[in-house]
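K.L.:
Sending over a structure as structure tokens; questions will come in a sec.
Here, each number is a calculation from the coordinates, and none is a lab measurement. No experiment lies behind these values; they were computed from the predicted model shown. Neighbour counts are summed over all protein chains in view; Cβ atoms, including those assigned to glycine, are modelled from backbone coordinates with ideal geometry.
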Amino acid sequence: MEDYATVMNPGPDHAERTFERIIGNSAALESVLEQVEQVAPTDSTVLIEGETGTGKELIAHAIHNASQRCGRAFIKLNCAAIPLDLLESELFGHEKGAFTGAIAQKIGRFEMADKGTLFLDEVGDIPAALQPKLLRILQEQEFERLGSGRTHKVDVRLVAATNRDLVKMVARGQFRSDLYYRLNVFPILLPALRERREDIPALVTHFVRLFSRRMGKQVDSISPETMAAFQWYSWPGNIRELQNLVERAVIVTRDGVLPNPLHKKQTELTAPGQHHNRTFHSSMTLEDSDRALIVETLEQASWIVGGPRGAAAKLGLKRTTLLAKMRRLGISRPIPQDGADLLGVAREDA
Ligand SMILES: Nc1ncnc2c1ncn2[C@@H]1O[C@H](COP(=O)(O)OP(=O)(O)OP(=O)(O)O)[C@@H](O)[C@H]1O
Ligand SMILES: [Mg+2]
């Protein structure tokens, strides 16, 4: 079961291939992989839901790789990271001169994915104006490029992912119910890492091997205390967070023993008088836990988003993706309560 992505992406770089492997054998993950096996050979639309970093993109790849389309293109589009006015032409393409700035013809992602798979990430962010067009192409498999009256036929298998609560969005009138039902043919819910802690040791070992090989560093052992800390932690950023922490720990490893990268976090989280002592409950909605993780990471990064020390890098996201997520979740830098602070900034700027 571990080899879905390996089979699908037979690249020359062994390390990259290993990186794509799906690690873990908890009942929760096994059930997900069973659903992947069931749905992959069909052409049915799949909707993957789960918190940030739970492996939605990895599972989308696995579905493509285990399908008959695996020799064809796997095309990805993140609907949240693209300005609204560009999204339509990204999806459907445009003819030369279709709008100001359309200096050449452009093929859209649906056409690129013909006979293959299209992965629409953050599908909940498709603006209302585009939802009917998406519904049409899913139902009829036909569309027109912008600025053209010619109808094109495509044969595309759609895999969509979201960390938003689409049911709630439908209830609020933000997402068309007919599109939701069309997408929700075969839903797969990815469990949070804290709901399958038995997978943590295998994941830690996997990432330690991967990063130590890449960096040419020797890591011989992980202490039981370090492994216990990994298993104890709540992992609001899920596997991506674990992967980033292990990478950092491998970088600072000396004498072959992996240091405990959670040591600082543990003291931070348990220190008395700290108010960012957040806990992540399984009863939280996906959006709540994403919001909590993003705010916490921004606070740690002093609200710097980009750059090597910024929150986007810490979360393993592109700057534009994080900005789009912040906009969507209504996260903005709090205005300092202290008037003196504001004056201080104003004076410095002057
Ligand atoms: N079971 C797993 N085994 C090994 N690596 C995994 C597993 N699940 C996820 N990963 C790795 O964790 C990282 C995050 O996964 P992925 O990008 O698929 O998450 P996501 O759910 O799409 O996150 P987001 O919502 O933030 O886009 C990737 O590097 C992926 O390869
Ligand atoms: Mg993703």
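K.L.:
Calculate the FRET efficiency for Ile103 and Val257 from the Cβ-Cβ distance with a Förster distance of 45 Å, rounded to the nearest 0.05.
P.N.:
0.20
K.L.:
Hey, can you rank 290-300, 212-222 by average C-beta count inside 10 Å, highest first?
P.N.:
Working: 290-300: 19.2, 212-222: 13.6.
Descending packing order for the listed peptides: 290-300, 212-222.
K.L.:
Here's another thing I want to ask about it. Which of the lysines could be linked to Lys318 by a straight reach, that is with a Cα gap under 17 Å, when you skip same-chain ones fewer than 8 residues away?
P.N.:
Hits, sequence-local ones excluded: Lys56, Lys76.
K.L.:
Set the bar at 23 Å for Cα to Cα. Now go through Lys115/Lys325; Lys96/Lys133; Lys106/Lys325 and name every pair that lies beyond it.
P.N.:
Lys115/Lys325; Lys106/Lys325
K.L.:
On to the next question. Could you tell me how far the Cα centroid of segment 51-103 sits from the Cα centroid of segment 127-202, in Å?
P.N.:
12 Å
K.L.:
For a quick check: sort His263, His94 by the number of other beta carbons within 10 angstrom, fewest at the front.
P.N.:
Numbers: His263 13, His94 22.
The most exposed by this proxy come first: His263, His94.
K.L.:
Continuing with this model, one more query. For Lys217, list the lysines whose Cα falls under 26 Å from its own Cα; do not include residues on the same chain fewer than 8 positions away.
P.N.:
Lys264, Lys265, Lys314
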